[in-house]
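**Student:** Dropping the structure in here first, questions after.
Rule-based calculations on the coordinates, nothing more; no lab input. Keep in mind that this is a model prediction, so the values were computed, not measured. Heads up, the Cβs are rebuilt from the backbone with ideal geometry, glycines too, and the neighbour counts pull from every protein chain shown.
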């Protein structure tokens, strides 16, 4: 059991190191991608209906299963260029803690618990991709009021809507700038404004972008006062962002309490491992101690999840 503990610590250290390196290198990748998008006029084409990482397994698995794999892991192929690391690396990184969790469960419950590795793998991968999607959506949401205000000012100055969208792509920081540059590129190669806006709303995952797409589509088809509509939408989004920030400030004490309560038992175990290893290692060497550790981890996870759920529910 001591070997399993050391293996767990080693894998955790390696995982954190890999994550830190990927985060450090992601800024360089995003900059190179942005420069390449500005200097390369032609589009890169892929076979329809098949993502790049799916091609190696396309001949080994049924087509329906290959198409279902991204949804099972929580990976969105249309957002492949938005991730800070290759999706395959994120999925592989999620496999390490899943295997460790399954091995630990097998040491407590028997060999059949190794079957938990697959559902744990799926859950961890979905959690990782979900966090990435949510972080990008928050950044898009915070930038939306200024984006709408820029479009309104451009339209009021007599600039066509399509040119106003190009201006947003040039002037606004990523991720909004990247999305509008992609939108402008799609319009330039002949994709209709309605289809390009629908893709933008789908990739963002925000209902406000869906409203923005509907407003521009209706104005493009039937005319109307676009500036007033976008002004009202920008005002609503700005108020909602401010309200959420106030809610986060009020919930900061509860969040700090949740983090402290989560860290206290982990810090205590670490201190005991340094001060009196023979005393604390009984939890990992004795089967009854293993059961206590498993129950404690489950209780800690449930408590942290409940606190996060209540905080997010109050801010939604």
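**Student:** For residue 139 paired with residue 266, estimate the spin-label separation in nm (one decimal), with each label point 7 Å from Cα along the Cα-to-Cβ line.
**Tutor:** 2.4 nm
**Student:** When all C-alpha to C-alpha distances in region 96-166 are sorted into bins of 10 Å, what percent of pairs does each bin hold, rounded to whole numbers?
**Tutor:** 18, 23, 16, 13, 12, 11, 5, 0
**Student:** Considering all projection directions equally, how large on average is the shadow of the alpha-carbon convex hull of region 237-284, in square nanometres?
**Tutor:** Convex hull of Cα atoms, orientation-averaged projection: 4.8 nm².
**Student:** Would you please put 122-131, 297-306 in order of how densely packed they are, using the mean number of other Cβ atoms within 10 angstrom per residue and starting with the highest?
**Tutor:** In decreasing order of mean packing, 122-131, 297-306 become 122-131, 297-306.
**Student:** Can you give the log10 of the normalised intensity I(q)/I(0) at q = 0.16, 0.28, 0.35 Å⁻¹, computed with Debye over equal Cα scatterers of region 276-316?
**Tutor:** Taken in order of the listed q values, log10 I(q)/I(0) reads -0.53, -0.86, -1.00.
**Student:** What would the Debye formula give as log10 I(q)/I(0) at q = 0.12, 0.14, 0.15 Å⁻¹ for the alpha-carbon point model of region 73-229, no solvent?
**Tutor:** Evaluating at q = 0.12, 0.14, 0.15 Å⁻¹ gives log10 I(q)/I(0) of -0.61, -0.74, -0.80.
**Student:** What does a probe at residue 131 reach in region 253-268, counting residues whose amide N is under 15 Å from the point 7 Å along Cα→Cβ?
**Tutor:** 259
**Student:** Could you list the square roots of 5 times each eigenvalue of the Cα gyration tensor of region 131-224, that is, the equivalent ellipsoid semi-axes, sorted largest first and rounded to whole Å?
**Tutor:** 20, 15, 13
**Student:** Could you sort 230-238, 260-268 so that the peptide with the highest average Cβ count within 10 Å comes first and the rest follow in order?
**Tutor:** 230-238, 260-268
**Student:** Set the Förster radius R0 to 22 Å, insert the Cβ-Cβ distance between residue 246 and residue 153 as r into 1/(1 + (r/R0)^6), and round the FRET efficiency to 0.05.
**Tutor:** 0.20
**Student:** Then there is this: Using only the alpha-carbon atoms of region 152-197, report the extent along each of the three principal axes, biggest first, to the nearest angstrom.
**Tutor:** Cα spread of region 152-197 along its principal axes, largest to smallest: 26, 22, 13 Å.
**Student:** Ranking request for peptides 99-108, 287-296: highest mean number of other beta-carbon atoms within 10 Å first, then the rest in descending order.
**Tutor:** 99-108, 287-296
**Student:** Given 10 Å bins starting at zero, what is the percent of C-alpha pairs of region 196-281 in each, up to the one with the largest pair distance?
**Tutor:** For region 196-281, the pair-distance distribution reads 14, 23, 18, 14, 13, 11, 6, 2.
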